[in-house]
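To start, the structure under review is shown below, and the notes come after it.
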Amino acid sequence: MARVGFCLDPVFLEHDAGPGHPERPERLAAVERGLREAGLAKALVPFAARAATREELLRVHTAAHVDRLAAAAGRRVRLDPDTAMSPRSHEAAVRAAGATIAAVEHVLDGRLDRVFCAVRPPGHHATPGRAMGFCLLNNVALGAAAALARGVKRVAVIDIDVHHGNGTQEAFWTDPRVLFVSSHQFPFYPGTGDLDEVGEGEGRGFTVNLPMPAGTGDGDYRRAYREIVEPIGRAFDPELVLVSAGFDPHRDDPLGGMAVTSAGFAELMDVCLAVASGAARGGVVAVLEGGYDLDGIATSTAAVVGRMLGRPLSALDAAARPGFERLLAAYRSAHGPHWPAVRRP
Ligand SMILES: [Zn+2]
């Protein structure tokens, strides 16, 4: 039975993005409710968050960005039209990053097999130099950087959030040690993530974007993950897998336009576990990103964590749509040059 860790620090509830903001503290209560109602909470190993150090933050972020956030501690500051800090936001962000880094350390040291980090604020839109899209510090990028700093040679980041993980992409754009795979609604916020964005220099081919039309559901997601993400991930054979676990592709999400169900999210996690089945020895750290429908968050967290614990997949009844063939072919021609495993079906 896999030892699955869980981290939720009370300070994550104190980040207040402003009145009526969809990225609200109740999201974490939904995570806890989902785990409790599914009977999973007691199977998890709780562990404490810690504050990420300045040195750890500077592995991904610029000193100017780190200093700007620190200067906002104790105050209310608006960073972009969607992104604001409350007096406790700096503390929450630094501990969300630290929780992710601690999770990576627990897995690399063999204390835990897998981890789910229920953090706020989310991270994948935060670029090295700036906050955006509800995100202050890039938690998964910092987790990946922590693994690299310990000598890990290959880290995969799989981003299932409905929005493109532009910040993570930018952080590792030229770095072949980090395979960044993102499936996302496109065109959509933040505007990046097209098929031809594959990385540059040494990193060329190690950014894999799977843009998808609005309305994509379980069947098409399954095909994209089984036929593209899994073979590329297995070929890369990471020593650690990080998952940007955004639940906003859920069919009830008020921001996203996708049609994924909780069973679909379990299927995506199953692919992440398959990617981790080689050199990573099953090591997966999932970190909460978006997801704004509270029941959707609750049931999707339970499905994903249940799969991490080894619960069986439930059957998906959704068929892939015929039109999706064309998109799969486009994925193969964009990524096949770098990944022979996906050149043909
Ligand atoms: Zn999102």
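The values are calculated or read from the model by the stated rules, or taken from the named source; none is laboratory data. These numbers come from a predicted model, not from an experiment. Heads up, the Cβs are rebuilt from the backbone with ideal geometry, glycines too, and the neighbour counts pull from every protein chain shown. The area values use the complete protein model at the heavy-atom level, side chains included, leaving out ligands, DNA and RNA. Shrake-Rupley method; radii C 1.70, N 1.55, O 1.52, S 1.80 Å.
Going by what's in this entry, would L137 be described as in contact with a helix residue (DSSP H, G or I) (Cβ under 6 Å, 6 or more places away or on another chain) and of a type in the set (A, V, I, L, M, F, W, C)?
When the stated conditions are applied, L137 passes them.
What residue, among those in segment 284-298 that are outside any loop (DSSP other than H, G, I, E, B) and either among the β-branched types (V, I, T) or on the phi > 0 side of the Ramachandran plot (or both), is nearest to the chain's Cα centre (by Cα)?
V287
Any idea which of T207, T174 is crowded, with 22+ Cβ neighbours inside 10 Å and either at pLDDT 95 or above or of a type in the set (A, V, I, L, M, F, W, C) (or both)?
T207 is the lone residue from the list that is crowded, with 22+ Cβ neighbours inside 10 Å and either at pLDDT 95 or above or of a type in the set (A, V, I, L, M, F, W, C) (or both).
Condition first: open to solvent by less than 40 Å² (accessible area, probe 1.4 Å) and at pLDDT below 95. Can you find one or more residues in segment 285-307 that meet it?
no
Out of the residues in segment 249-265 that are open to solvent by less than 10 Å² (accessible area, probe 1.4 Å) and assigned to a helix (DSSP H, G or I), which is farthest from Y292 (Cα to Cα)?
G264
In segment 105-192, which strands (runs of 3 or more DSSP E) lie fully inside it and hold 2 or more residues that are within 16 Å of the ligand (Cβ to nearest atom)?
By residue number, 155-159, 178-185.
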